[in-house]
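Heads up: the structure comes next, in structure tokens.
Values quoted throughout were computed directly from the atomic coordinates according to the rules given, and no laboratory measurement underlies them. Predicted model, so just to flag it, every value in this text is computed and none were measured. As a convention, Cβ positions derive from the backbone with ideal geometry for all residues, glycine included, and neighbour counts pool all protein chains shown.
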Amino acid sequence: MTRKRGLTEEAATASIDQACRMLRLPSIRQQFTDLAEGAARDQMSYRAFLAELLLAECDDRARRRSERRIKAASFPRDKSLRAFDFDANPNIDPATVNTLATCEWVKKGEPLCLIGDSGTGKSHLLIALGTEAAMHGFRVRYVLATKLVNELVEAADEKHLSKTIARYGRVDLLCIDELGYMELDRRGAELLFQVLTEREEKNSVAIASNESFSKAHMFRRTRARCRPNFTGSAATLCRRRCG
């Protein structure tokens, strides 16, 4: 693009649009006119105006990255903490949930268990906290326990189990929903245990279950090993029922 001096306003706007396309600055290209008018109205300095432009681009890129992480997590539906009805379940402490929303436990690789009966808000909280983690910059994956086990069994049969386990081991937070709703056979439980072992003390796992791990019949042989891994200090909810 040839650099020109003494441009008219119309030519300058066209040049800015072309430059933003070449430099891949879509937010500046879309917002430049409004920001320029606001800068002139508020008599902003050139430096302040440039800062406004760059911050607008940075904010939009951060938003798009969050959207990509949320999409990659494969949540089945949108759930937020703002939409959670704490009044419907007084056993859930809002302060504890707000602490979890800071995602410090994910940063530290700590586990989280949400245990309670059907309809007590476990899945809502699991998805909402997973979404918060994605918005905080963490790689998240959501999966139903039965779907995960079926995938592991299929991977084992097709001789690429280690690759599948490694894929689930790489995300910062693995959200496993509906653990305990269907009993796992010994093979399924052991394969699931391999995924949990891959993540132990490295990356966080959050589990929603209708069974406490002391009564987790779905684990049978692996039950005794799983329980210590999921009663860590991530949150009081690890040791409380949601309902």
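Counting only residues 5 or more places away or on other chains, whose amide H sits under 5 Å from the amide H of C113 once H atoms are built in the peptide plane?
I207, C238
Exceeding 28 Å between C-alpha atoms, which entries from my cross-link table qualify? They are K79/K159; K71/K202; K122/K163.
Over 28 Å apart, Cα to Cα: K79/K159; K122/K163.
Along Cα→Cβ, 7 Å out, is where each label goes; now give me the distance between the ones at R63 and D117 in nm to one decimal.
Simple spin-label model gives 4.3 nm for this pair.
Kindly provide the trypsin sites (Lys or Arg not before Pro) of region 171-213 that DSSP labels as loop, not H, G, I, E or B, and whose Cβ sees at most 15 other Cβ atoms within 10 Å.
Hits after loop and neighbour filter: K202.
Which order, highest average first, do 118-125, 80-87, 33-40 follow once you tally other Cβ atoms within 10 Å for each residue and take the mean per peptide?
Listed from highest to lowest mean packing, they are 118-125, 33-40, 80-87.
In terms of modelled amide H atoms, which long-range or inter-chain residues lie less than 5 Å from the amide H of L144?
D177
Rank these for me by crowding, E52, E10, going from fewest to most other beta carbons within 10 Å.
With the fewest neighbours first, E52, E10 line up as E10, E52.
Are there GluC sites (Glu not before Pro) in region 129-165 that DSSP marks as loop and that have at most 12 other Cβ atoms within 10 Å, and which are they?
Here the sparse-neighbourhood loop sites are E158.
Region 24-81: which trypsin sites (Lys or Arg not before Pro) are DSSP loop and have at most 13 other beta-carbon atoms within 10 angstrom?
Those satisfying the criteria are R24, R77.
From the phi of every residue in region 36-45, what ³J(HN,Hα) in whole Hz does the Karplus formula 6.51 cos²θ - 1.76 cosθ + 1.60 yield, where θ is phi - 60° and glycine or proline is x?
5, 5, x, 5, 5, 5, 8, 6, 6, 6
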